[in-house]
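Q: Supplied in structure tokens, the structure appears directly below.
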Amino acid sequence: MPFTEKNTIDRSNPNFSGLRIILIFIISLGMMYLDFQGNYINKLRSYLSLTVLPLQIAANTPKKLINNFKNRLSDRETILTENQQLKKENIQLRSKVQQTYKLESENKRLFELLKAKPDDEEKFIFADIISINQDNNKHQIIINKGSIDGIQLGAAIADSSGIIGHIFRDQLLASEVLLITDPEHGIPIEIARNGFRAIAIGTGSYDEIILNDLPNNSDIQINDVLITSGLGGRYPEGYPVAIVSDIEMIQGEPYLKIEARPIANLKNINEVLVIQNNKKDHQNE
Amino acid sequence: MSNQLSKFFFVWLILIFSSILSIIPLSENLSFLKIPWVALSLLFFTIMTPSIIGLFSAFLIGLILDILQGGILGESSLALSFMTYVAYRFRLQIRVFPIWQMMFAVLILLLINEMMHLWIDGIIGKIVISQSKIISVLLGSLIWPLFMGLLESLQSKINSR
């Protein structure tokens, strides 16, 4: 097969000319510059992503099929016991919700007494995962709700137990989420016990984020819960993020090296909640 | 003419399929299995049938790959088209190499691709050299004979029709 037709003879194939490689170099360098510097071509990107969405869905079907298959195979007994467990959990959660009603109304009354404005109410949108990027240095997922469903750039994403990340690129039918463990991600947090504020930075490993801006004499203990502080305006206040797992004091260094384990299970995310602040204005660059 | 068209479709079918293969979610232990399929199929077409593929195809599939993988726009397209260009320059030699030498040439070409990625990542400032990446490139050159045989048989079927 290899030596057929003109394949071997055409030494000056215009498709491979030196001019073209130079042109491609210029175009791609320009695109990289624009994309890296100021998100100038986000529009282009969001339309292009629309065209590759089928590919992403196709790539994730095998995993979904396997999961489906597993579900089919699991026998009646396990499903029944699981159902009972879920029912029990549901009842417990409902009773907790009743308490929160009471707390919420009380909170509102107290705010009125203080003549202060309570926090804005948040809107929740449920979403499913389309695809997961499991590169070592890129912790991103894609969810199946986009700007058509009213999702805004920068909205926080949580699962049932804690914060997962935030939306950093919104497309029409889907949006890309940067996880809190991505090396480029920082989330403003505070220690729930005493309100110390810090910034937690991702490490590139799914079960670790680090804090390196707390001074040596700060009051922090292992198993302290870190919650979002609401500073910076991106994440809503008071959602659980991580639990402190290791504190290391290095001689001669002014800051502690603190490791924390995210509360949400980032390795296998199934359904997520998009938390949107209603009052947030639309002026996102 | 229709023959040309069917060849064109074949190329893009393979390229799209390999780009899907390269984003299939794998667990962390299996991440070395992320063989650069797109680069391999581009190499095959450039070396074996350069008349039905060009640098702009490499550019386009690189762009698609960038969006699929959520990287910076233009990174893979630059790396892939440069690799394709080098492969085209040396295609006549590579084509007559014995198989082990061919695998070595493929390894070097894949390393060129990976090198470009590393450079760009380094300039952006998020360089992460992982063992699994190197292993996946090695695996990619190891399965080259199998891959080439498979694509050749597919292509001859299309040509004979």
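The values are calculated or read from the model by the stated rules, or taken from the named source; none is laboratory data. Given the structure is predicted, the values throughout are model-derived calculations rather than measurements. Note: ideal-geometry Cβ built from the backbone for every residue, glycine included; neighbour counts use all protein chains shown.
Q: Output the residue which, of all residues in the stretch A:171-200 that are over 23 Å from residue A:218 (Cα atoms) and surrounded by fewer than 21 Cβ atoms within 10 Å (Cβ to Cβ), is nearest to the chain's Cα centre (by Cα). Spell out the reasoning first.
A: Let us first name the residues in the stretch A:171-200 that are over 23 Å from residue A:218 (Cα atoms), namely A:171-185.
Subsequent filtering for residues that are surrounded by fewer than 21 Cβ atoms within 10 Å (Cβ to Cβ) retains A:172-173, A:183-185.
On the way: A:172: 18, A:173: 17, A:183: 12, A:184: 12, A:185: 10 Å.
Only one residue tops the list, namely A:185.
Q: Let me ask another. Has the stretch B:110-121 got at least one residue that is at the interface with chain A (Cβ under 9 Å from one of its Cβ atoms) and assigned to a helix (DSSP H, G or I)?
A: Quick first cut of the stretch B:110-121, residues at the interface with chain A (Cβ under 9 Å from one of its Cβ atoms) only: B:120-121.
Those still in the list that are assigned to a helix (DSSP H, G or I) too: B:120-121.
Yes, the stretch B:110-121 has at least one match.
Q: I would also like to ask the following. Tell me, yes or no, whether the stretch B:88-99 has at least one residue that is facing another protein chain (nearest Cβ under 9 Å), at negative phi, part of a helix (DSSP H, G or I) and at pLDDT below 85.
A: No, there is no match, as no residue in the stretch B:88-99 is facing another protein chain (nearest Cβ under 9 Å), at negative phi, part of a helix (DSSP H, G or I) and at pLDDT below 85.
Q: Filter the stretch A:42-72 down to residues that are polar (S, T, N, Q) and touching a residue at least 60 places away in the same chain (Cβ under 8 Å) and give me whichever is surrounded by the most Cβ atoms within 10 Å (Cβ to Cβ).
A: Residues of the stretch A:42-72 that are polar (S, T, N, Q), as a first pass: A:42, A:46, A:49, A:51, A:56, A:60-61, A:67-68, A:71.
Within this subset, residues satisfying the condition of being touching a residue at least 60 places away in the same chain (Cβ under 8 Å) are A:42, A:46, A:49, A:56, A:60.
On the way: A:42: 17, A:46: 20, A:49: 24, A:56: 19, A:60: 19.
Step by step, filter the stretch A:42-72, then rank; the result is A:49.
Q: Taking residue B:74 as meeting all but one of (1) within 11 Å of chain A (Cβ to nearest Cβ); (2) more than 25 Å from residue A:28 (Cα to Cα); (3) in contact with a Leu (Cβ under 8 Å, 6 or more places away or on another chain), write down the number of the exception.
A: (2)
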